[in-house]
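Working notes, beginning with the structure itself.
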Amino acid sequence: MSPFKFHPLTFVWVFILSLSLSVCGFAQNTASVAITGEVATPLNLTLQDLSTFKQVSQKVKERDGKEHEFKGVALIELLEKAGVTTGSKLRGENLAKYVLIKAADGYEVIYALAEIDPEFTSQVIILATEKDGQPIPSGEGPFRIITPNDKKPARWIREVRSIKIAFAKD
Ligand SMILES: Nc1nc2c(c(=O)[nH]1)N[C@H]1C(S)=C(S)[C@@H](COP(=O)(O)O)O[C@H]1N2
Ligand SMILES: [Mo]
């Protein structure tokens, strides 16, 4: 006889637990960020896709007053990949473009395109995929925007789903 006695329902609970864990993992791995609007090439980027870009880290203080290190891809790199008017093309009417970022909970924030472009600012805004060396958990991630120079974190939008470039002009 085995020294351990399992309750008959143990296996059912273990099964349910492992199933829900794998469903969560699957959701994280298939989650993606769509880049649409005024782009040459619309993109739909998964964590896997983002890992192929140059990785950038930003250390920021969160609301809890503690410093956290976020790692991900410079937003400008993603916009360039999508063929957005950046750099020398960011002039004239293109200066009226904004970047609308939407989250899973319906929260939305905007940045002017020029706020993101390195010819206008030395701040590197990132689409973060890691926090303190770990994937960003659901509820906050898997994708979060970090804007290190913003004095309050209200535009550090969690659970990013889409990024749309548009003209503010009518
Ligand atoms: N998706 C999403 N992101 C969000 C918000 C939100 O309501 N939804 N709130 C913002 C505000 S107002 C703040 S102050 C910070 C808070 O981040 P924290 O909960 O990680 O401290 O998240 C920002 N990002
Ligand atoms: Mo906030």
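The values are calculated or read from the model by the stated rules, or taken from the named source; none is laboratory data. Computed from a predicted model, the values in this text were never measured in an experiment. Methodologically, a virtual Cβ is constructed for each residue, glycine included, from the backbone with ideal geometry; neighbour enumeration extends over all protein chains shown.
Structure summary
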{"item": "Within segment 85-107, tally of residues that are within 16 Å of ligand 1 (Cβ to nearest atom) and in contact (Cβ under 8 Å) with a residue 40 or more places away in the chain", "result": "8"}
{"item": "Qualifying residue in segment 138-148 (condition: touching a residue at least 24 places away in the same chain (Cβ under 8 Å), assigned to a strand (DSSP E or B) and away from ligand 1 (no atom under 15 Å from the Cβ))", "result": "no"}
{"item": "Members of segment 127-141 found to be of a type in the set (Ser, Thr, Tyr) and closer than 13 Å to Gln55 by Cβ, listed by number", "result": "Thr129"}
{"item": "Unique residue being crowded, with 19+ Cβ neighbours inside 10 Å, away from ligand 1 (no atom under 16 Å from the Cβ), touching a residue at least 24 places away in the same chain (Cβ under 8 Å) and closer than 14 Å to Thr147 by Cβ when the list is Ala74, Ala82, Ala128", "result": "Ala74"}
{"item": "Filter result (of a type in the set (A, V, I, L, M) and part of a loop (DSSP other than H, G, I, E, B)) within segment 89-108", "result": "Leu90, Ala104"}
{"item": "Looking only at segment 53-70, and only at residues there that are loosely packed, with under 10 Cβ neighbours inside 10 Å and more than 15 Å from Asn149 (Cα to Cα), the one that is nearest to ligand 1 (Cβ to nearest atom)", "result": "Asp64"}
{"item": "Options Ile157, Ile165, Ile146, Ile125: the member that is modelled with pLDDT of 95 or more, under 12 Å from the mean Cα position of the chain (by Cα) and away from ligand 2 (no atom under 16 Å from the Cβ)", "result": "Ile125"}
{"item": "Residue within segment 67-85 that is within 16 Å of ligand 2 (Cβ to nearest atom), acidic (Asp, Glu), out of contact with any Cys (no Cβ under 6 Å at 6 or more places or on another chain) and not in a helix (DSSP H, G or I) present", "result": "no"}
{"item": "The one condition in (1) of a type outside the set (Lys, Arg); (2) outside any strand (DSSP E or B); (3) within 20 Å of Val39 (Cβ to Cβ) that Tyr111 fails to fulfil", "result": "(2)"}
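Each row is one residue, and each column tells you yes or no for (1) over 21 Å from Trp156 (Cα atoms); (2) over 18 Å from the mean Cα position of the chain (by Cα).
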residue	(1), (2)
Ala40	yes, yes
Asp49	yes, no
Phe70	no, no
Ala104	no, no
